[in-house]
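Written out below as structure tokens is the structure these notes cover.
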Amino acid sequence: MAIKPLTRSGAGRLKKRNDWVTHLALCIAVFLVGAPLIFAVIKATQVSSDVMSAKLLPGGAFLDNLTSVWTKAHLGTYMLNSLLVSVCVTVGKTVLSLLAALAFVYFRFPLKGVAFALVLLSLMLPTEVLIIALFDLVSRDLQWANTYQAIIIPFLASATGTFLFRQHFMNIPTSLADAARIDGCGPLRFLTSVLVPMSWNTVGALAVIQFVYAWDQYIWPLVIMQQDDKQVVQVGLRKLIEVGGQTDWGAVMAGAIVTIIPPLVVFTLLQEQFSKGFALTEDK
């Protein structure tokens, strides 16, 4: 029995059906991913008596919950502290990563490959593994306990940033470096005048990663920072949850919703650079 080929109208109907199935699957996936955020937004608008119930209709208490957490729990102060720390860490990591990548690509020195391998190995050592030694160094030797530099300076080095910039610089023609050297351009001038303008996508991608990382710091600030007026926002949110007492979950949800706004704004502003920054090719 011969199989009849699809007509133009039949192929069009099949394409529309496939598109419909694809869009339905994407809508379901988006809903599943966004369900926790939707739930938090709904609960942030409810009064305390409704938060613990199965009620999933928005209420009208969002402003009251936000006012409570902003004034009584000093969420505004915590957010300003986190903003200061996040900006300093992001800028510091970007600058040091640029300098490290410049050295690994355009300088010759002994054991350069071994040094870069050690930089990559540092990715396998999370802060939790080093927290005891880091605490002794910062609090006892450097006397930095309860200061901003205690939660900024230990995180200025970035193996991720060094790797990204190194890969990007290796895709830049070496003829540019040779021409700059002939013109008498020094390494730092070459970095600021040539490499940085060609690396904005990578800079944007790294800025998003490091800002979110610094904004979400919890364990290290909790350990090293005892002064409440210098504490970061993640620790401040944790203090809203009463241990053994009654927690105002509506206020907690409102505070959690507000604290995701700065990282969301940073990602929105740099989403194009973030997408292009990982395409480690010559057309960036």
Inset, instruction - Take the Cβ-Cβ distance between Thr192 and Arg140 as r, set R0 to 45 Å, and report the resulting FRET efficiency rounded to the nearest 0.05. - result: 0.75
Legend entry - Linear extension gain, Leu125 paired with Trp200, 0.36 nm per residue minus alpha-carbon span: 24.2 nm
Inset, instruction - Scan [x] 25.2, 87; [y] 24.2, 82; [z] 24.9, 94 for the value of Rg and Dmax of the Cα atoms in Å calculated from this model and give just the label. - result: [x]
Inset, instruction - Report, in order of residue number, the helices in the chain meeting two criteria: a C-alpha extent of 20 Å or more along the helix axis, and a mean Kyte-Doolittle hydropathy of at least -1.0; treat each whole DSSP H run as one helix. - result: 8-44, 75-106, 200-215
Legend entry - Gain on full stretching of the segment that runs from Phe39 to Ala54 - 0.36 nm per residue minus C-alpha separation: 4.3 nm
Inset, instruction - Treat every Asp and Glu Cβ in region 108-184 as -1 and every Lys and Arg Cβ as +1, leave all other atoms uncharged, and give the resulting dipole magnitude about the Cα centre to the nearest 20 debye. - result: 220
Legend entry - Solvent-accessible surface ranking, highest first, for Leu142, Leu195 at 1.4 angstrom: Leu142, Leu195
Legend entry - 12 Å cut-off, amide nitrogen to a point 7 angstrom out along Leu83 Cα→Cβ, residues in region 143-180: none
Inset, instruction - With a 1.4 Å probe and every protein chain kept in, tell me what percent of the accessible surface of region 69-283 is carbon plus sulfur. - result: 67
Inset, instruction - Could you tally up the Lys pairs in the chain with alpha carbons closer than 21 Å? Skip any pair fewer than 8 positions apart unless they're on separate chains. - result: 11
Inset, instruction - Place a +1 charge on the Cβ of each Lys and Arg in the chain and a -1 charge on the Cβ of each Asp and Glu, then give the dipole magnitude about the Cα centre in debye, rounded to the nearest 20. - result: 1160
Inset, instruction - Keeping all protein chains in place, calculate the accessible area per residue for region 16-60 (probe 1.4 angstrom), answer in Å². - result: 76
Legend entry - Of Met52, Leu66, Val85, farthest towards positive along the dipole that unit charges on Lys, Arg, Asp, Glu beta carbons give region 41-150: Val85
Inset, instruction - Please give the residues of region 82-113, grouped as numeric ranges, whose backbone N is less than 19 Å from a label point set 7 Å along the Cα-to-Cβ vector of Arg181. - result: 99-113
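The values are calculated or read from the model by the stated rules, or taken from the named source; none is laboratory data. Here the structure is a predicted model, which is why all the values come from computation and not from measurement. Neighbour counts run over all protein chains shown; Cβ positions are idealised from the backbone, glycine included. Please note that ligands, DNA and RNA were not included when accessible areas were found on the heavy atoms of the full protein model with its side chains. Shrake-Rupley method; radii C 1.70, N 1.55, O 1.52, S 1.80 Å.
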